[in-house]
1. Take the alpha-carbon centre of the range 125-175, take the same for the range 69-120, and report the distance between them in whole Å.
2. On full extension of the chain, what length is gained from residue 246 through residue 96, given 0.36 nm per residue of separation minus the C-alpha to C-alpha distance?
3. Please express the Cα-Cα pair-distance distribution P(r) of the chain as a list of whole percents, one per 5 Å bin, running from 0 to the bin with the greatest distance.
4. Cβ neighbours within 10 Å, averaged per peptide: list 75-82, 7-14, 140-147 in order, most packed at the top.
5. Report, in deg cm²/dmol and to the nearest 500, the calculated mean residue ellipticity at 222 nm for the chain, where each DSSP H run with n ≥ 4 adds -39500 (n - 2.57) and the sum is divided by the residue count.
6. Using a simple spin-label model with points 7 Å from Cα along the Cα→Cβ vector, what separation in nm is obtained for residue 3 and residue 106?
7. Using Cα springs under 10 Å in a Gaussian network model of the chain, which residue among 120, 71, 230 shows the largest mean-square fluctuation?
8. May I ask what percent, to the nearest 5, of DSSP beta bridges between residues of the chain are antiparallel?
Amino acid sequence: MDNSDPITKHYNKYPYPDVTRWNAQGPDIVNKFDKMVPPDPGFNDMDVLIAGCGTIQGFLAAYHNPQNRFVLCDVSESSMAYTKALIEQYGVENVTYEIKPIEELEYENFFDLVVSTGVVHHCKDVPTVLNKIWDMTQEGGIFKGMVYFDGEAREGQSKLNKFFLDQEYDVYDVRKYFTKNPNSLWDRHDHSEAEIADNWLNPRFREYTEASWLDQLDATEWERQLRDIVILEDRKLYFICEKNPDRRKAKTFQWGNLGANE
Ligand SMILES: C[S@@+](CC[C@H](N)C(=O)[O-])C[C@H]1O[C@@H](n2cnc3c(N)ncnc32)[C@H](O)[C@@H]1O
């Protein structure tokens, strides 16, 4: 695996989200329920990929859905160490770990559901990742995800992100900057180290409008497979795609609406 990729380095240094802070805040971490993988009636005996699971999302998904099997993938070894610790702590058994880029996974027409929130827009080559997810998804399978939305709120954020990177700022410098320069964008985020790094020091990201995300999907195997889009807080674009629903085999399930996790 290429550990020199700036995104791998970034998330090894700043695992996301900050588990220790959540634990300290209580209630129990398992209540940070992730609605992207709900315990849906009919969500049984499924193979699920959490692509770019970070520190906690994969654990939560597997913990709340013991009747399904989960592959948890992330490039960040330190993020996965948090996930592994939680999985051991809670005795979760339905997981396989893959510490490597999504692009290097070896599954073919395998997953009933792929979840990838806050990941695809950080990848070096977005169409390659989207096509890889297509190849790994079964006919009739679902791909749910979130990418940055190119709205007014994100515009200010991404300009500052670029400025901070150019200035070679660290988390401490970013905090100092906002103490001197109050900003509503800063106020709306949590100020843990992981959140500051994720929001203000990200080395690679893209942003999409509804139209440009649709264009991006249409430039891949996911052409005309989009089922729903929801924009949250003018910053995040959640989507659901379904791979050739008419070719779905025996398993049937209802996915309801797009469940965004906040
Ligand atoms: C912003 S975090 C989101 C974590 C999690 N999905 C969530 O919503 O809490 C992005 C995660 O994607 C991982 N990541 C980025 N590019 C990746 C890739 N090509 N393959 C696998 N993981 C990747 C990062 O290491 C990081 O843990």
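Rule-based calculations on the coordinates, nothing more; no lab input. Values in this document were obtained by computation on a predicted structure and should not be read as measured data. Neighbour counts run over all protein chains shown; Cβ positions are idealised from the backbone, glycine included.
1. 19 Å
2. Computed gain between residue 246 and residue 96 is 51.1 nm.
3. Calculated over all Cα pairs of the chain, the distribution is 1, 6, 13, 17, 19, 18, 13, 7, 3, 1, 0, 0 percent.
4. Result, highest mean first: 140-147, 75-82, 7-14.
5. About -10000 deg cm²/dmol.
6. For the pair residue 3/residue 106, the computed spacing is 2.2 nm.
7. Answer for the Gaussian network model of the chain: 230.
8. Just about 40 percent of them are antiparallel.
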